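The values are calculated or read from the model by the stated rules, or taken from the named source; none is laboratory data. Computed from a predicted model, the values in this text were never measured in an experiment. Glycine gets a Cβ as well: all are built from the backbone with ideal geometry, and neighbour counts include every protein chain shown. The protein model used for the area step is the full one, side chains on, heavy atoms only, and it has no ligands, DNA or RNA in it. Shrake-Rupley method; radii C 1.70, N 1.55, O 1.52, S 1.80 Å.
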Amino acid sequence: MPVVSPAAAEVARSVGRIMRTTNRLKARMATEGQRGEWTAFHLLTALAEFGPLRLSQLAERSHIDPSTLSRQVAILVDDGLIERQVDPHDGRASTVACSEAGTSFLAKKRSHRDEFIAGVMQDWTEADRSHLAELLERFSASLDERLSCAADTLETEIS
């Protein structure tokens, strides 16, 4: 078990605070009539990054329960943000992909997100913004690696 330095404990507290703030943002979006937009953004981002995917692959990559995912995808198909396609490797199966409207929706939401974050950091120097971006990318990669390698032991470690 690694030794927890004061700095590591502070990072853990800060990550917890970011998670709580994110949950507050999701709740705020829901009360403003944007309930499904968080999920739509999340799923469309995965499809934009990985291309057309079977539902099982999308569930795995987005870390969403497959039964929940199929309902969410159905809504996004109905809204025209995702389209179903025949799987080119197996004509009996289908994949889902971003539609043109989905790609446009994602670009708009990314722009709003980027503007929001720019506003939050408007008083920071460019060097500070760049340094944080570098550290967050490094932290995210380490976290992804840790979660991938230790999925079975994670609950024991964080409880």
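Cβ-Cβ under 8 Å, sequence separation 6+ or interchain: first residue in the stretch 84-109 and within 16 Å of SER62 (Cβ to Cβ), partner β-branched (Val, Ile, Thr) and not in a strand (DSSP E or B). Which pairs?
Cβ pairs passing all conditions: VAL96/VAL73; VAL96/VAL77; LEU106/THR45.
Just for the stretch 83-95: of the residues that are open to solvent by less than 50 Å² (accessible area, probe 1.4 Å) and not charged (D, E, K, R), which one is farthest from GLY51 (Cα to Cα)?
ALA93
For the condition at pLDDT below 95 and at negative phi, what is the one hit in ARG84, ARG92, ARG17?
Among ARG84, ARG92, ARG17, only ARG92 is at pLDDT below 95 and at negative phi.
In the stretch 1-30, what count of residues is obtained for those that are of a type in the set (Ser, Thr, Tyr) and either touching a residue at least 40 places away in the same chain (Cβ under 8 Å) or closer than 17 Å to PHE116 by Cβ (or both)?
Summing the residues that are of a type in the set (Ser, Thr, Tyr) and either touching a residue at least 40 places away in the same chain (Cβ under 8 Å) or closer than 17 Å to PHE116 by Cβ (or both) in the stretch 1-30 gives 2.
Just a yes or no: is a residue in the stretch 114-121 acidic (Asp, Glu), within 26 Å of SER142 (Cα to Cα), under 17 Å from the mean Cα position of the chain (by Cα) and part of a helix (DSSP H, G or I)?
Yes, there is a match, as at least one residue in the stretch 114-121 is acidic (Asp, Glu), within 26 Å of SER142 (Cα to Cα), under 17 Å from the mean Cα position of the chain (by Cα) and part of a helix (DSSP H, G or I).
Please go through the stretch 49-82 and pick out each residue that is under 16 Å from the mean Cα position of the chain (by Cα), open to solvent by 40 Å² or more (accessible area, probe 1.4 Å) and under 20 Å from THR103 (Cβ atoms).
Result: GLU49, PHE50, GLN57, ARG61, GLN72.
Answer with yes or no whether GLU60 is acidic (Asp, Glu), modelled with pLDDT of 95 or more and part of a helix (DSSP H, G or I).
no
Just give me the residues in the stretch 22-35 being surrounded by 10 or more Cβ atoms within 10 Å (Cβ to Cβ) and part of a helix (DSSP H, G or I), in sequence order.
Answer for the stretch 22-35, where residues must be surrounded by 10 or more Cβ atoms within 10 Å (Cβ to Cβ) and part of a helix (DSSP H, G or I): THR22, ASN23, ARG24, LEU25, LYS26, ALA27, ARG28, MET29, ALA30.
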